[in-house]
Each structure stands twice: as structure tokens, then as C-alpha cells.
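Q: Pasting a structure below so you can have a look.
The values are calculated or read from the model by the stated rules, or taken from the named source; none is laboratory data. Everything numeric here is computed off the predicted structure, so don't read it as measured data. Reconstructed Cβ throughout: ideal geometry from the backbone, glycine too, with neighbour counts over all protein chains shown.
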Amino acid sequence: MITGGAGFIGSHVVRLFVTRYPHYRIINADALTYAGNLANLKDIEQHPNYQFEKVNILDAKAIEGLFTKWHITDIIHLAAESHVDRSISSPMDFVYTNVVGTVNLLNVAKQHWLHDGGNHLFYHVSTDEVFGALGETGFFSETTPYHPNSPYSASKAASDHFVRAYAETYGLNTIISNCSNNYGPYHFPEKLIPLFIHNIIERKSLPVYGDGLYTRDWLYVKDHALAIDILFHQGKINETYTVGGFNEWKNIDLVKLLCKLMDEKLQRVPGESEQLITYIKDRPGHDRRYAIDASKINRELGWKPTVTFEEGLNETIDWYLNNGEWLQQVTSGAYQQYYETMYTKNKQY
Ligand code: NAD
Ligand code: TYD
């Protein structure tokens, strides 16, 4: 069972597992919140080894029902509320889904798996944001202490702790990976890269928070899915792994690169899109820098990113330019109101 399989990263993980492992039956359990979209999986929905189940992980009975119905053997858990800005305005949604939802899954897994003699795995997909912020130097690794600063990262940290506690207390087999910022196709346009691609297409302003000198370590989503595949099959039980792109960018430099590439692809006058950059009020509690030391997964399991940032970004921009209908669909309706509250009116957290 893959939870959150209709979201951004989850859809890439589902696609990879469904196509690479035809002998697995993949159950995609997703509540289809604003971030979940079955259009993300259109190309594989007819595969005989794929099954979608609309279920909220807050509903313990429904999760229990899925375990019984499908004899779930393993979980890759990605379902979550995932956007930091939304966690600042609605923290309780994050406590419910990310903490309570994860504990619901752990309880059902524990109940079904602990005494059946099988070899099961609860793989929890987490984020590097649980470690807080770095200064100018240094990297997050598996031994970095937790220091979450946003309601999002605090809720993910809490869920990581529960997963660890269920391994320690009940003997559940677990793996946790903490990954850096992902980018790529099917990314919901509330996060930096897809939001700015969308705004450049529409010639809307590009809202850069604060001084724009915040740093993120970007990983192409398909490389994250490959890391999840390797960890699911070969990771050491009850260990954690940090996963990253070896690819740090200050926001403003990344935005300028995006503008340059899109001017070329859209045959606009060089420099045109950069004119759209607008510095706006900073995000409260904004983490200055994230960067991952991914040497453990590289050394022990041979994983490293397969595409350069230039290749990944070009593929991503091309995907958005060729999938206007998808972009149109996800930016209509409720998105309009979110955008207005977040960027047009004075932000009220
Ligand atoms: P996303 O917001 O795109 O997708 C989340 C999915 O979870 C959606 O399909 C949504 O419908 C589903 N969902 C939300 N609440 C649910 C609930 N209560 N019950 C069932 N389904 C629910 O998120 P994403 O960016 O794909 O992230 C997936 C996971 O990876 C998250 O756990 C996130 O913390 C983690 N992660 C994300 C990044 C990143 O850069 N996006 C980096 C590292 C880790
Ligand atoms: P985001 O994509 O929200 O990911 P996260 O906060 O989880 O790292 O943001 C990436 C960076 O871009 C972060 O430093 C905040 C910044 N940012 C902006 O400057 N403007 C925006 O409109 C958004 C959404 C993000």
C-alpha cells in the first residue's frame, strides 16, 4: 500500500512500482485532498496490478478495512499535508494528518503484522525540514538532532518519532528517509518551482520571500522515487537515511535561472521574465538553509541522482509547457482563493 499516491511524489513512486514490479499489487490509498489528483496517474490507472482506494488516513476503521480486504504486506507512507505556508495558517490540519494519521497507520500495521510471522515493512517518507535550519556551512545527516521550526516540520518530526517508537516498543520493521526539496512534473503550483513556472507563463509577478538568499537542496522527483525503491528493497531495517540532490541553490539564483530558461523556451526577449520578480514579506520562521549529506545511501546502496539539475529543470519546464490542461485544471477553483489570500491580500497567518 502506498499512501498519498495521488500527490506529487507519491504518483511517481506508484508509477515506478506499478511498472517495474508487475508481480506486486499496488494499492494507492489517498484521500484526494486539494493536493491529490488522479490525473497524475492517468497513464497507469489501467494496469492490472494497480488499485486506487479513496481513504482518509484519519479514518482508522477504513484503513483497517483496506488491510483486511487487500492483505497489505508493506506500506510506503507518503500521505501528508506538505506545504509550509499552509501549516502556518492551518497547523491543526498538519497535526491531524501528519501525526494522528501516521499513528493510525502504525496501529493497524502493528495489529495485523506483529504476530503473523511475516516479514513486513513500514517505510515512512519524511523530510529534511525536521532538522531545522543550517548556517552557511555544514550538512544534515542521519545523526543530526531534530530541531523543527515550522508547524509542518514539527508535525513530520512527530510522525518520525512515532515510527521510531513503534519499532523500538513493538518491534515493527521500519525505515525512515529524510529527503530534501523535490521538483519535477505533477508538482502542485503552490511550491516555489511550479508556482514560478506557472506565473512566468501567465506573466504574473514572481513573489520572492524576504531577501531571496534562502538556500534549498533540489532533487529531481524521479531520483527520489528511485531512492525510495532502493531503500524499500535494500535499506537496513529500523535505520534512517538522508536523501538529497548535492545541489544547493539560493532562491534568487534559481528563480533567475528559471526566468532565463523560460524566456528561451517561450521565445521571449531575454530578461523579460526577470522583470516579474517581486520581493515580498518573508515567511515567519523561514529556515535559512537546507543541505543534505547523502553519503550513507550512496556508500551503502549505491544511490545517487541520475540527472543533473540542468536536465531535470529543462524536463520539468517542458512538462509544464506541454501539459497546459493539467495546469489549468489544478489552478482553477479553490486554488484561486488560496492564491488571492496568500499573495494578493496582505498575508494573514
Ligand atoms: P503532496 O502534498 O503533493 O501530496 C500529498 C498526498 O497525500 C495527496 O495526494 C493528498 O491527497 C494525500 N493526503 C493528504 N492528506 C491525506 C489524508 N488525511 N489521508 C489520505 N491521503 C491524504 O505531497 P508531496 O510533495 O508529494 O510529499 C509526499 C511526502 O513526501 C510527504 O510526506 C512529504 O512530507 C514528503 N516530502 C516531500 C518533499 C517535497 O519536496 N515535496 C520533500 C521531502 C519529503
Ligand atoms: P517551498 O517550495 O514552499 O518549499 P519549502 O518551504 O518546503 O522549502 O519553498 C522553497 C523556497 O522558496 C523557500 O525558501 C521559500 C521560498 N518561496 C518564495 O520565495 N516564494 C514563494 O512564493 C514560495 C512558495 C516559496
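Q: Within the range 187-207, is there a residue that is part of a strand (DSSP E or B), more than 9 Å from ligand 1 (Cβ to nearest atom) and at pLDDT 95 or above? Spell out the reasoning first.
A: Pass one, the range 187-207, residues part of a strand (DSSP E or B): 206-207.
Checking the rest, the ones that are also more than 9 Å from ligand 1 (Cβ to nearest atom) come to 206-207.
This time we only want the ones that are at pLDDT 95 or above, so: 206-207.
Within the range 187-207, one or more residues are part of a strand (DSSP E or B), more than 9 Å from ligand 1 (Cβ to nearest atom) and at pLDDT 95 or above.
Q: Checking the condition touching a Lys or Arg at 6+ places or on another chain (Cβ under 9 Å) and of a type in the set (S, T, N, Q), which residue from ASN178, ASN173 passes?
A: ASN178
Q: Give the residues of the range 156-204 that are more than 19 Å from LYS236 (Cβ to Cβ) and among the aromatic types (Phe, Trp, Tyr), sorted by residue number.
A: Residues satisfying the conditions are PHE162, TYR183, TYR186, PHE188, PHE196.
Q: Looking at SER159, SER177, which one is outside any strand (DSSP E or B) and either under 29 Å from GLU311 (Cβ atoms) or within 20 Å of the chain's Cα centre (by Cα) (or both)? Full working, then the answer.
A: Values: SER177 fails: outside any strand (DSSP E or B).
None of the other options fit; the residue is SER159.
Q: What number of residues in the range 67-98 are within 19 Å of the chain's Cα centre (by Cα), away from ligand 1 (no atom under 11 Å from the Cβ), β-branched (Val, Ile, Thr) and in a helix (DSSP H, G or I)?
A: The number of residues fulfilling the criteria is 2.
Q: Answer yes or no as to whether LEU16 is free of Cβ contacts under 8 Å to residues at least 40 places away in the same chain, more than 19 Å from ASN104 (Cβ to Cβ), within 14 Å of ligand 1 (Cβ to nearest atom) and among the hydrophobic types (A, V, I, L, M, F, W, C). So that I can check it myself, show each step before the final result.
A: Numbers: free of Cβ contacts under 8 Å to residues at least 40 places away in the same chain: no; more than 19 Å from ASN104 (Cβ to Cβ): yes; within 14 Å of ligand 1 (Cβ to nearest atom): yes; among the hydrophobic types (A, V, I, L, M, F, W, C): yes.
In short, no.
Yes/no per residue for (1) at negative phi; (2) in contact with a Cys (Cβ under 9 Å, 6 or more places away or on another chain); (3) surrounded by 23 or more Cβ atoms within 10 Å (Cβ to Cβ):
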site: VAL95; (1), (2), (3): yes, no, no
site: TRP113; (1), (2), (3): yes, no, yes
site: GLY117; (1), (2), (3): no, no, no
site: TYR123; (1), (2), (3): yes, no, no
site: PHE131; (1), (2), (3): yes, no, yes
site: THR137; (1), (2), (3): yes, no, no
site: THR144; (1), (2), (3): yes, no, no
site: ASN149; (1), (2), (3): yes, no, no
site: TYR152; (1), (2), (3): yes, no, yes
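Q: Cβ-Cβ under 7 Å, sequence separation 6+ or interchain: first residue in the range 73-84 and under 19 Å from ASP229 (Cα atoms), partner modelled with pLDDT under 95 and more than 10 Å from ligand 1 (Cβ to nearest atom). Which pairs?
A: Sorted first by the residue in the range 73-84, then by its partner, the pairs are THR73/GLY118.
Q: Tell me, please, whether a residue that is modelled with pLDDT of 95 or more and within 11 Å of ligand 2 (Cβ to nearest atom) can be found in the range 162-173.
A: Quick first cut of the range 162-173, residues modelled with pLDDT of 95 or more only: 162-173.
Adding the requirement that they be within 11 Å of ligand 2 (Cβ to nearest atom) leaves none.
No, that holds for no residue.
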